[in-house]
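Below is the structure I would like to discuss, written out as structure tokens.
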Amino acid sequence: MGILGANGSGKTTLLKIMAGVLRPDGGRFLWQGEDLLRSAARRAEAVAYVPQGTPLIEELSARDNLRLWYSPEALECSLDSGVLRQLGVDEFLKTTASRLSGGMRKRLSIGCALARDPAILLLDEPTAALDLVCKERILRCFEDFRQAGGLLVMVSHDPWELEMCDDWRLLRGGLLESYTYTGERRALIRDLEQV
Amino acid sequence: MKTLLTYGRLQLRRALRLLPRMLAVTLLLAVLTAMAALLLSGLRDDEDGREPVRIGLAGNLEEADIAEGLELLKSIDSSRFSLSFEPMDEAEAAQALRRGEIAGYAVIPEGFAEALMIGETRPVTYVSASGGADLGAKLTRDLVETVSALVLETENAVYGAQDLTADFVPGRNPYRVGDRLVVQYAVRIIDRSRLFHLEKAEAEQTLSLPAYYLCGVSLAFLMLWSISCAPLFAGRSRELGKLLQASGLRSAGQVLAEYLSYLLLMLCGLLAAAALAGVLLRRFGIAVPELEGSGLRGAASLLLSALPTVLMICALQFFLYELAGGGVGGVLLQFLSAVVQGYLAGCFYPASFFPEGMRRFGELLPAGAGMAQMKGALLGEGAAGPVWLWLAGFLLLSALLRFRRNRS
């Protein structure tokens, strides 16, 4: 699912609520018949969130940052042939987080989020400000996650980034409306401007 | 629990990476603190053990009695070790006072000694550098008033006795009586060592001055040292806190893990600082009577007994960094907190000199509670109750702040 919306429309707030970072005034987040807003343990198990910023411990290496989320065995396995290998995290394992480039930091953050093998991956502008090669690498990883049966909920301003989404939604006036992207940027801008 | 342990371990690793830099800052701060301690305790020794305060004497110094009296003061009187009288003219004295070379000067009026002989008093003018707001000037003023009253009343008594002898004791020479009284006055009253009784301030009645300043300087050092830990707090990721909260590691757990790693870092620094302090104390020959003879074991047990204060000060610093949110704001808060609290708690100046209200307020502050606990530790008394309360309060407040930040 791709979510579009003007600045300040509440896209990030919606993701934070779904991730359990913010507490909603009301409503439900149903997954397999269970309200994930009420069950923190189930939500922590099923949902992973990649925020706009990079949630890293800056003074520690990439490997140390991964250790916070992965068990030792799972970490080695993923670095060997799993998602971390796919994201290319093994290339900068020993580098301190503060010395990583924007693309590397984002790949590391996504790698951390995927540690628990979640069913739902919430992404807040995951490839903003990244170069095309890095973008492509990350989007390929998301595609694989989707192919494996995972649910991607992605907030973005970039239609190219949202192309992999089956379901486009426009957040307008606090409501999520179904949206069909025609491929015309001008029409999209017009729709975003309407409040 | 597993995440908490892993997070704690990683925070510890993060803290240890900053250890070399912090130890360097510790070294610098310890040297600065030691210098401050030396100035505070007035232990800048000259070869006689004390450096005398220089007082200028101007005006009429030509009279034989005054010149003789000055000579006696300089060569015989025991005050020569603490006061040095320097004859100079008034203009020279004024300049020397402005340059800070003398603490003050006295102007002796024309015919002072002659007037004394016939029972008249011509006031001596004493000029000091301060407008009278500081403690030194107040003490000087009080001393001048006391001595003036003493001289005047004694003169009255001597001349009164002379008159009484002349009127009611025929056959006795009233002037000889007067002379004898003057001699008694010189022997019994103008004996500098009996002019005043130095009463020790309240803080020092229970603790020696070096021990008091050891507590004060250690506490000030502890509070200021947190500034070197700013990178540890400035580099924290807010996003990480939010994610951890969503993943089940609650704010209280995050605060606890970060606090414990910070505490360990502080303890490492404290051990280094304590070792350095031991070397400096020995180098400058400063003896702490409460620790004499106890050796390394005594110092170690003192460090252990001061642990509650260390825990509390760390929690206070953690809370201040949490409150400020960033490194720069945190450093400013730490500095202000250390200076203001340190002053009110009597780290830089014995609190017993403060007005009652101010002193009581200082005792209520975290630093005041820490100071009381450290003094108690040196005396082998337990005074840690308020320290534990502050510790719990700061940790709770930090957890609440973190919770609020994670939810924003």
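Grab every C-alpha pair in the range A:112-179, bin the distances at 10 angstrom width from 0 up to the longest one, and report whole percents.
With a bin width of 10 Å, the distribution comes to 18, 52, 27, 3.
List, largest first, the extents of the alpha carbons of the protein assembly as shown along their principal axes, each in whole Å.
So the three principal-axis extents are 133, 57, 40 Å.
Counting only C-alpha contacts under 8 Å and six or more residues apart, can you give the relative contact order of the range A:1-143 as a whole percent?
Answer for the range A:1-143 is 28 percent.
Report P(r) for the range A:61-125: all Cα-Cα distances, bin width 10 Å, range 0 to the bin holding the largest distance, values in whole percent.
22, 59, 19, 0
Report the FRET efficiency, 1/(1 + (r/R0)^6), for B:Ala115 and B:Gln184, where r is their Cβ-Cβ distance and R0 is 25 Å, rounded to 0.05.
That gives a FRET efficiency of 0.70.
Ranking B:Val387, A:Val21 by Cβ neighbours within 10 Å, fewest first, what do you get?
A:Val21, B:Val387
Arrange the following residues from fewest to most other Cβ atoms within 10 Å of their Cβ: B:Phe319, B:Phe361, A:Phe92.
Least crowded to most crowded, the residues run B:Phe361, A:Phe92, B:Phe319.
On alpha-carbon atoms, Rg over Rh for the range B:223-269 using Kirkwood Rh?
Radius of gyration over Kirkwood radius for the range B:223-269 works out to 1.04.
Okay, moving on. Once amide H atoms are built 1.01 Å from N in the peptide plane, which residues 5 or more positions from B:Leu83, or in another chain, come under 5 Å H to H?
HN-HN under 5 Å from B:Leu83: B:Val53.
For q values of 0.11, 0.14, 0.16 Å⁻¹, compute log₁₀ I(q)/I(0) with the Debye formula on a Cα-only model of chain A, without solvent.
For chain A, the Cα-only Debye profile gives -0.52, -0.83, -1.07.
While we're here: Helix-derived [θ] at 222 nm for chain A: sum -39500 (n - 2.57) over DSSP H runs of at least 4, divide by residue count, nearest 500?
The helix-only estimate for chain A comes to -11000 deg cm²/dmol at 222 nm.
Cα-based Rg (one decimal) and Dmax (whole number) for the range B:299-399, in Å?
According to the Cα coordinates of the range B:299-399, Rg and Dmax are 13.9, 40 Å.
Measuring from label point to label point, each 7 Å out along Cα→Cβ, what is the B:Ala149 to A:Leu30 span in nm?
Between B:Ala149 and A:Leu30, the label points sit 9.2 nm apart.
Let me ask you something else. Too long at a 31 Å Cα-Cα cut-off: which of A:Lys94/B:Lys242; A:Lys16/A:Lys135; A:Lys135/B:Lys242; B:Lys242/B:Lys375?
Exceeds cut-off: B:Lys242/B:Lys375.
Exposure proxy check: B:Met312, B:Met88 ranked by fewest other beta carbons within 10 Å?
In order of increasing Cβ crowding within 10 Å: B:Met88, B:Met312.
Specify which residue in the list A:Gly10, A:Gly102, A:Ala115 is farthest towards the positive end of the charge dipole of the range A:2-193, using unit charges on the beta carbon of Lys, Arg (+1) and Asp, Glu (-1), about the Cα centre.
A:Gly10
Just so you know, all these numbers are worked out from the coordinates, no wet-lab data involved. Computed from a predicted structure; not experimentally measured. For neighbour counting, all protein chains shown are included, and Cβ atoms are generated from backbone atoms with ideal geometry for every residue, glycine included.
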